[in-house]
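Participant: Would you mind keeping the following structure in view while I ask a few things?
Just so it is clear, none of the values below were taken in a lab; they were calculated from the coordinates. Note that the structure is a prediction, hence the values are computed from the model and not measured. Please note: Cβ atoms are built from the backbone with ideal geometry, for glycine as well, and neighbour counts cover all protein chains shown.
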Amino acid sequence: MQTVFQINTTGPGLYEFTDDVAGWVAGSGVLTLFIQHTSASLLIQENADPEVRTDLAAFFQRLVPPTTDPSMSYLTHTYEGPDDMPAHIKAALLPVSMSIPVLNGRMALGTWQGIYLFEHRNAPHTRRVVAHLR
């Protein structure tokens, strides 16, 4: 069973799409999610306190600032904007795919876990996440 989820983003941050996936899964097996982009990532993270998402986004912004920051002057891939190469670095550090057990039609996520797309670019995007349940 396969599908593609489209997630619209408005800039950097974490976008939860757990409910979309939960509404699609059925049966039992292993769910694989894969993002078809090189400047965004996937995460399983806490979905109770929104400060967790804010802090994660702030941490990665500080860890890998835009190419306009003097500390990033060594980067050469800059023609797609000051956020592009840092977005690729963040995506290289974070997962772009994940596996989640599905038991009796429900993902085996923990109580406070949610599935997120982590957008690393400043501009709005429509991101595609391929889902495969086997």
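Participant: Per-residue ellipticity at 222 nm for the chain, helices alone: DSSP H runs ≥ 4 residues times -39500 (n - 2.57), over residue total, nearest 500 deg cm²/dmol?
Facilitator: -7000 deg cm²/dmol
Participant: Around THR18, with a cut-off of 12 angstrom between Cβ atoms, what is the net charge of the other residues, counting Lys and Arg +1 and Asp and Glu -1?
Facilitator: Taking every other residue near THR18 into account, the sum is -3.
Participant: A follow-up question, please. Read phi for every residue in the range 28-38 and hand back ³J(HN,Hα) as whole Hz from Karplus 6.51 cos²θ - 1.76 cosθ + 1.60, θ = phi - 60°, with x for Gly and Pro.
Facilitator: Running phi through 6.51 cos²θ - 1.76 cosθ + 1.60 with θ = phi - 60° gives 9, x, 10, 8, 10, 10, 9, 8, 8, 9, 9 Hz.
Participant: What is the sum of charges, Lys and Arg at +1 and Asp and Glu at -1, for the other residues whose Cβ falls under 12 Å from the Cβ of LEU43?
Facilitator: It works out to a net charge of -1.
Participant: How high is the relative contact order of the chain, in percent, with contacts defined as C-alpha pairs under 8 Å that are six or more residues apart?
Facilitator: Relative contact order comes out at 55 percent.
Participant: Next up: Hey, what's the per residue convex hull volume over the C-alpha atoms of the chain, in cubic angstrom?
Facilitator: That works out to 97 Å³ per residue.
Participant: Sticking with this structure for a sec: Enumerate the amide H contacts of GLY11 below 5 Å, restricted to partners 5 or more residues apart or on another chain; note that Pro and chain-start residues carry no placed amide H.
Facilitator: Close amide H contacts, sequence-distant or interchain: HIS125.
Participant: Taking H placed 1.01 Å from N in the peptide plane, check which residues at least 5 places from VAL96 or on another chain put their amide H under 5 Å from its amide H.
Facilitator: LEU42
Participant: Here's something else I'd like to know. Excluding THR68 itself, calculate the net charge of residues whose Cβ lies under 13 Å from the Cβ of THR68, where each Lys or Arg counts +1 and each Asp or Glu counts -1.
Facilitator: That sum, taken over residues with Cβ under 13 Å, equals -3.
Participant: What residues qualify as long-range amide H neighbours of ASN47, i.e. H under 5 Å apart, gap of 5 or more or another chain, H built at 1.01 Å from N?
Facilitator: Here the answer is GLN113, GLY114, since their amide H atoms fall under 5 Å of that of ASN47.
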